[in-house]
Amino acid sequence: MSCKIDYQPTANLLENRVVLVTGAGDGIGRAAALSYARHGATVILLGRTISKLESVYDEIEAAGGPQPAIFPLNFEGATLKDFHDMAETLDREFGRLDGLLHNAGLLGRITPFEQYNPELWEQVMQVNINGPIWMTQALLPLLQQSKDASVIFTSSSVGRKGRAYWGAYSVSKFATEGFAEVLADELENQANIRINTLNPGATRTQMRRSAFPGEDASTLRTPEEIMPTYLWLMGPDSAGVSGQRIDAQPPRV
Ligand code: NAP
């Protein structure tokens, strides 16, 4: 499906919606949290570095956005109980969830498979796919309480075509695409929940710098520049879209 980089959201697009963003302290997740709040959402900021989440929180408050919430969680080591405790807290505080952006991600190492460290492989799979899967299961009852819930899984071009040396990261993104399709198909008859994957494309963040240290970062779109597609997919203008693989920006030429 073509990207919505030219989408023009209304100012109150996400008014009265409760949206959880994982990895909200940095990079694309930070931009999404700020942008969702600017368009009226109450944003739950989830991540592992509390100081970064606090800085996003302060920025939202300073801009006069709806009061956000901070939920510290490290996907490495997070247990099923942690996810269910989280669901219970969110149920008490909000009673429903209208949006879930699975954005937190770990690159691991770009290295020949022969040399891939099995522990690092497990870590990447835990953060990029296993944690998000079980978090989604715990949050389903809350998503079901919403009139129009959008669940977005973050993919990558290496989750659609394998690339040498990208190891666990690439495999985790293939799994992400697969899982989102399975769940979207399963929930086909629940019109109030849609599940899609979103590939941000090359974006100027720390992760991109680690993957391509020699690249001229000024040639890349910033996280803020790809927000139109993030807003479109989170908001009511994408109602009815489910089970799709969406790009946040046109492919680079
Ligand atoms: P980033 O700047 O490295 O940000 C990643 C975020 O994930 C950070 O907030 C980080 O928290 C959080 N995170 C990492 N490990 C975590 C853990 N164990 N528990 C909780 N949070 C954790 O990367 P990004 O470029 O914004 O990437 C965002 C998403 O887009 C990822 O899923 C990535 O795979 C995907 N993506 C990015 C690009 C690109 O060009 N940038 C391209 C394709 C796909 P800390 O800040 O605390 O480390």
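What follows is calculated from the coordinates using simple rules that are stated; it is not laboratory data. In this text the structure is predicted, and so the values were computed from the model without any measurement. For neighbour counting, all protein chains shown are included, and Cβ atoms are generated from backbone atoms with ideal geometry for every residue, glycine included.
For the reader, a short list of remarks on this structure follows.
- Region 20-34 and region 95-116: distance between their alpha carbon centers, rounded to Å: 13
- Hydrodynamic radius of the chain per Kirkwood, over alpha carbon pairs, in Å: 18.2
- Which of TYR165, LEU231, GLY95, positive extreme of dipole for the chain (C-beta unit charges): TYR165
- Of the residues PHE174, LEU220, ILE133, the one whose Cα sits farthest towards the positive end of the charge dipole of the chain is LEU220 (charges of +1 on Lys and Arg Cβ, -1 on Asp and Glu Cβ, taken about the Cα centre).
- Placing +1 on the Cβ of every Lys and Arg and -1 on the Cβ of every Asp and Glu, with no other charges, gives region 18-247 a dipole of roughly 460 debye about its Cα centre.
- Since only THR203, TYR36, GLN145 are under comparison, the one whose Cα sits farthest along the positive direction of the charge dipole of region 18-247, derived from C-beta charges on Lys, Arg, Asp and Glu, is THR203.
- Charge sum, other residues only, whose C-beta stays under 14 Å from GLU76's C-beta, Lys/Arg counted +1 and Asp/Glu -1: -2
- FRET efficiency for TYR165 and LEU120, using Cβ-Cβ distance with R0 set to 22 Å, rounded to 0.05: 0.95
- Overall form of region 1-45 per C-alpha gyration tensor (a/c, 1.5; a/b vs b/c): oblate
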